[in-house]
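Right, one structure below, let's go through it.
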Amino acid sequence: MKIMVIGGGGREHTLGWALSKSDEVRDFYFVPGNGGTLSLGHNINNLENEDIIRFAKEKKIDLTVVGPEKPLVQGIVDKFREEGLPIFGPMKDAAKLEGSKAFAKELMAAANVPTASFEIFDEFRAAKNYVENKREPFVVKADGLAGGKGCFVCRHAKEGLRALEVLMEERKFGDSGKTVVIEDCLGGEEVSVLALISNDRILPFLPSQDHKRANDNDRGPNTGGMGAYAPVVFIGKDELTEIIENIFLPAIKELGRRGIEYKGVLYAGLMISKSGPKVLEFNVRFGDPESQAILPLLEDDLLELLLRTNDYNLPGKINWDRGWAVAVVLASNGYPGKYKKGFEIDIKDNSCVLFHAGTRLSDGILYTAGGRVLSVVGLGEDLITAKKKAYKCISKVKFSDMYYRKDIADKGIKYLEKGRL
Ligand code: AMP
Ligand code: GLY
């Protein structure tokens, strides 16, 4: 089969790596890919919208897998389907779960899905008035896509006001900030649960935990994710079943009631609060860097799982390796703010599981080309061993301005030691 992966981050390299294990895969195209995906197939640059469809037809691509949210929210799946081209991912109306936080919150309220209490505003004055009288802390979120930067956890009204100005008046994220969601701030541990959805069949992946903040001990600004581990020790089989029944199922059924089908992978960002799991956000795609931790533990054939999702033929369960995976992101110093790129990357040894993100290969030399540069993955029979292996791999990678968190998976390790969070 000929496979095309849309995107060029760590998630897309990981998806390609996992898909390439299938005996069925013959040719691989990444649009645009990165320095790592070149070892799996071809990188195709400067392809957008209609060009991608033309390319898929020309090359007779058997399955296109979409990594990032933007093309999904813009309706790439609808366009492929109109042309009869096979593609994995939800259609535009379902991708609104990530494309509009107001839509997602209203849907959750209608379906009784546990989430933080919220109000929606499309008028600055009304939002300002609400924030001035709101119990602190609270969270202000842009309704639309903002590359993970449109969410402000506010300790007091002044911060809330500033967030409203940035989103609604200065329009830092354009129309994405025209409408805002203001919600209660939840406490607890964050967990990512991803599941394949095919009609009303829901097949969860191993739960994983991302580390969103830039610095150790969850300090510093929010990033796309600085590392992840899987499985999550404090989500057992029963908790996962509850999450499927109380969160995924009602959300999918509510979409169905509105005539919207969900087919693809759905990612629930959850806060495990004292009163149980609550949804922080829905994403309509694989997580990054969650995929780097989850997919290396997958025993089944990923390609077959994706094809079976499309065919309404999901298996009863997914088979996993019994071990653990820890993925540590190696970033450019300064990320998620300003950073330098174009530094040469030296990788001493190829024995590590290593996924590329912001890398570029030119004349056989690998260079940094983004904020998140690489993920190193440690696999082990226990979480401590997996963490040790991941950090040992880092000593084999060198580039100027390399920055990474030192505490990925520590929460899980502490939980295993103490038996509580
Ligand atoms: P989002 O853009 O909704 O994914 O939010 C980004 C990050 O902000 C989440 O991963 C959380 O760390 C934090 N966050 C979002 N909503 C809340 C909330 N209601 N309470 C506490 N933290 C939140
Ligand atoms: N790891 C966060 C995300 O994929 O949105």
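Annotations for the structure displayed:
- Alpha carbon centroid spacing (whole Å) that separates segment 291-344 from segment 1-62: 16 Å
- Pairwise centroid distance, computed over Cα atoms, of segment 113-160 with segment 392-421, Å: 32 Å
- Distance between modelled label sites at residue 27 and residue 257, nm, 7 Å Cα→Cβ extension: 4.7 nm
- Disulfide-incompatible cysteines by the Cβ rule (no partner under 4.7 Å) in the chain: 151, 154, 185
- Each Lys or Arg adds one and each Asp or Glu subtracts one; over the other residues with Cβ under 15 Å from the Cβ of residue 220, this totals +4.
- ³J(HN,Hα) computed for each position of segment 294-309 - Karplus, 6.51 cos²θ - 1.76 cosθ + 1.60, integer Hz, glycine/proline x: 7, 5, x, 9, 6, 8, 6, 7, 4, 4, 4, 4, 5, 5, 5, 4
- Aspartates and glutamates whose Cα lies under 20 Å from that of residue 406, excluding same-chain neighbours fewer than 8 positions away: 189, 190, 210, 216, 218, 288, 290, 382, 417
- Of the residues 15, 298, the one with the fewest other Cβ atoms within 10 Å heads the list, and the complete ranking is 298, 15.
- Packing-based exposure ordering (other Cβ within 10 Å, fewest first) of 108, 402: 402, 108
- Within-9-Å neighbourhood charge of residue 69 [Cβ basis; K, R +1; D, E -1]: +1
- Judged by the gyration tensor of its Cα atoms, with axes a ≥ b ≥ c, the chain is rounded; a/c sits under the 1.5 cut.
- Cross-link pairs beyond the 25 Å C-alpha cut-off, checked among 105/172; 274/387; 253/278: 274/387
- Take every Cα pair under 8 Å whose residues are at least 6 apart in sequence, average their separation, divide by the length of segment 286-352, and the relative contact order is 32 percent.
- For segment 226-282 versus segment 194-214, the gap between their alpha-carbon centres in whole angstrom: 7 Å
- Summary value for segment 18-125: 15 percent relative contact order, contacts being C-alpha pairs under 8 angstrom separated by 6+ residues.
- Derived scalar couplings ³J(HN,Hα) [segment 374-386; Karplus, 6.51 cos²θ - 1.76 cosθ + 1.60; whole Hz; x for Gly, Pro]: 9, 10, 9, 10, x, 10, x, 6, 9, 5, 5, 5, 4
- Estimated [θ] at 222 nm from DSSP helical runs (n ≥ 4, -39500 (n - 2.57)) normalised by residues in the chain, nearest 500: -8000 deg cm²/dmol
- Model label sites at residue 363 and residue 406, defined 7 Å from Cα along the beta-carbon direction, differ in position by 3.8 nm.
- Cut-off 12 Å between beta-carbons: net charge of the residues surrounding residue 311, Lys and Arg +1, Asp and Glu -1: +2
- When each of 158/340; 92/178; 101/414; 59/149; 70/340; 2/101 is checked by Cα-Cα distance, pairs over 28 Å: 158/340; 101/414; 59/149; 2/101
- Over the chain, Cα pairs under 8 Å with separation of 6+ residues give a relative contact order of 16 percent.
Laboratory data are not the source of any read-out in this text; all were calculated from the coordinates shown. Treat the numbers as computed from the prediction; the structure is a model and nothing was measured. Note: ideal-geometry Cβ built from the backbone for every residue, glycine included; neighbour counts use all protein chains shown.
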